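Just so it is clear, none of the values below were taken in a lab; they were calculated from the coordinates. Not measured: the values here are computed from a predicted model. Neighbour counts are summed over all protein chains in view; Cβ atoms, including those assigned to glycine, are modelled from backbone coordinates with ideal geometry.
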Amino acid sequence: MDALRQIPPVDVALASLPGLALIDIYGGHLVRDALREIMTQVRQDICAGSGYTLEGPADPSLWTRVATHLERKGRPNLRRVINATGIVVHTNLGRAPLAPAAIEAMQAVSTGYSNLEFDLEKGARGSRYTAVEDLICDLSGAEASLVVNNCAAAVVLALSAHAAGGEVVVSRGELVEIGGSFRIPDVITQSGACLAEVGTTNRTRIADYEQRSGPETRAWLKSHQSNFRIVGFTEAPNRRALATAAHAFGLPLIEDIGSGVLVDLAPIGLPGEPVVRDILAAGVDLAMFSGDKLLGGPQAGILVGTQEAIAPLKKHPLLRAIRIDKLSLAALEATLRLYRAPHDPFREIPVLARLSTDKEALGQRADALAARIEGLDGWDGEVVQSESFPGGGALPEHPQNSVAVAVSHAGLTATALTARLRGAATPVIGRISQGRLLLDLRTVAEDEADLIIDTLTGLAA
Ligand SMILES: *Cc1c(COP(=O)(O)O)cnc(C)c1O
């Protein structure tokens, strides 16, 4: 193996001109590590019979590989990607993109100090929860509210405070797993309560809850079925009747709403997701939902309910362990303010804006993107009809009509192209349908078309 013998010792290679140039930028330590890694690959390539040969310690192809490796290592691991999947609240892609107002609010409170826990009127210690409590109550009609790290934490807190040491009655049709191993039965156990299941998978009546309730019962829990639906011969009690029945037993009705919407989405063609205000008006004592699903804000868990239901949560020792941080709090307050006049949430909150964009507008953007892709050497772009989804466990049975661009590159399969787009500096994540890579315009912001073109241009090079 002559080719193997041509691989120079690491120290000799580092002393070459291209080696010294990289050391100038990255320092000796990083360049040595990168060189070792690339040399290992080179050895493997040679042994695999690639016919690869090195031309001395300054070999240009060797050093190009080292430079690329160093540049890639320098990229942040967590970074922006273009979501072209058509799933608006995509849990793997960071859920809700934030409104500019929310980003400005985070910057304002984190660049310097803030009144996070300082009462500016009294000049004394304050509570971090006051920043959003009134706003949430206003928007939901709740008597009281509290925010924590996320909705999963909100469920654990609510059950720990209200049901630890006792039983929680839940319908068998709602004993769901939401994903990421968040299973309602396990969460109840984790909160120190016992699960009392009632009814059947498809049918549960109020009498089932009543018959199972006794001196050990602390609450009735209702849960959103999230990504799961039971259809056909089904029956579930009406929320108002269920609340009335729970109250007759002196028990609170707690509801894990999951996504949670503050405004009715029926006018934009998405009926079926109950508005938080209506859930409370039906008599639910305590409800919780996410900040970063259909609400369109940062990761957070929002609890709303009666004074009586919220008060014990504010004193619970668990609260300190799951408290919201100041960046999320700032972004949440700014997002909630966009729900109030003179703002228009459907225009200013990115999640709602994406859900309410009509097909004509998506079609125009698809036409423009396809034309630009066609103009790139070796690339093809064709406008096709598509279906997009709200995501986030909400409205799974409500696909929306959307428009996509099917992209292809001469000589690359859809799978290979998908992998290349994932590996780009600004990754573009689409979805494969019938052997073609689709970029769905529903989830692509208007100003992201330039980034897509940049990524495609970079790949061809
Ligand atoms: C998403 C979801 C949760 C978890 O919310 P996070 O904010 O992700 O913690 C809990 N319950 C339901 C029904 C959900 O859909």
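Placing a pseudo-label 7 Å from each Cα along the Cα-to-Cβ vector at Glu360 and Gln107 gives an inter-label distance of 3.5 nm. In this rough spin-label picture, where each label sits 7 Å from Cα along the Cβ direction, the Phe249-Thr53 distance is 8.4 nm. Dividing the convex hull volume of the alpha carbon atoms of region 90-159 by its residue count gives 154 Å³ per residue. Per-residue packing, averaged as other Cβ atoms within 10 Å, sorts the ranges 248-254, 436-442 into the order 436-442, 248-254, beginning with the highest. Find how many whole Å separate the alpha carbon centroid of region 57-135 from the alpha carbon centroid of region 345-421. A separation of 25 Å, based on Cα centres. Each Lys or Arg adds one and each Asp or Glu subtracts one; over the other residues with Cβ under 14 Å from the Cβ of Val276, this totals -4. A P(r) calculated from all alpha carbon pairs of region 13-83, with 10 Å bins opening at zero, reads 19, 47, 24, 10, 1 percent. Note on region 42-193: with charges restricted to the Cβ of Lys and Arg (+1) and Asp and Glu (-1), its dipole about the Cα centre is near 660 debye.
When the P(r) of region 155-299 is calculated, the portion above 27 Å amounts to 17% of the C-alpha pairs. Give the average over all directions of the projected area of the C-alpha convex hull of the chain, one decimal, in nm². Orientation-averaged projected area of the Cα hull: 28.8 nm². Shown here for region 42-140: chymotrypsin sites (Phe, Trp or Tyr not before Pro) in loop regions (DSSP other than H, G, I, E, B) with at most 11 other Cβ atoms within 10 Å, namely Tyr113. Using a cutoff of 8 angstrom between alpha carbon atoms and counting only pairs six or more residues apart, the relative contact order for the chain works out to 19 percent. Descending by average beta-carbon neighbour count within 10 Å, the peptides 230-237, 25-32, 369-376 line up as 369-376, 25-32, 230-237, the highest first.
Around the amide H of Ser386, modelled in the peptide plane, lie the amide H atoms of Ser402, Val403, Ala404, all under 5 Å away and 5 or more residues distant in sequence or on another chain. For region 31-122, just say rounded, prolate or oblate: build the C-alpha gyration tensor, square-root its eigenvalues into a ≥ b ≥ c, call rounded for a/c under 1.5, and beyond that prolate if a/b exceeds b/c, oblate if not. Prolate.
The peptide list 329-336, 426-433, put in order of mean Cβ contacts within 10 Å with the highest first, becomes 329-336, 426-433.
For region 183-196, the Karplus equation 6.51 cos²θ - 1.76 cosθ + 1.60, evaluated at θ = phi - 60°, returns couplings of 10, 3, x, 5, 5, 5, 4, 4, 7, x, 10, 10, 7, 10 Hz by residue, with Gly and Pro reported as x. I need the shape label for region 57-182. Rule: rounded when a/c is under 1.5, else prolate if a/b > b/c, else oblate, with a, b, c from the alpha carbon gyration tensor. Oblate.
Given their separation in residues at 0.36 nm each and the Cα-Cα distance between them, Ala445 and Thr130 gain 110.1 nm when the chain is fully extended.
The charge dipole of the chain, taken about its Cα centre with unit charges on the Cβ atoms of Lys, Arg (+1), Asp and Glu (-1) only, comes to about 820 debye.
Computed over region 3-54, the percent of Cα pairs more than 17 Å apart is 37. The ranking of Ile87, Ile7, Ile349 from fewest to most other beta carbons within 10 Å of each one's beta carbon is Ile7, Ile87, Ile349.
With a point put 7 Å past each Cα toward its Cβ, work out how far Arg347 is from Glu143 in nm, to one decimal. Distance between label points: 3.8 nm.
What translational diffusion coefficient, in µm²/s and rounded to a whole number, does the Stokes-Einstein relation yield for region 270-384 at 4 °C and a viscosity of 1.567 mPa s, taking the hydrodynamic radius as the Kirkwood radius over Cα pairs? The calculation lands on 73 µm²/s. The magnitude of the dipole of region 408-461, with charges of +1 and -1 set on the Cβ of Lys/Arg and Asp/Glu and taken from the Cα centre, is near 400 debye.
Annotation: the antiparallel percentage among DSSP beta bridges lying fully within the chain is about 55.
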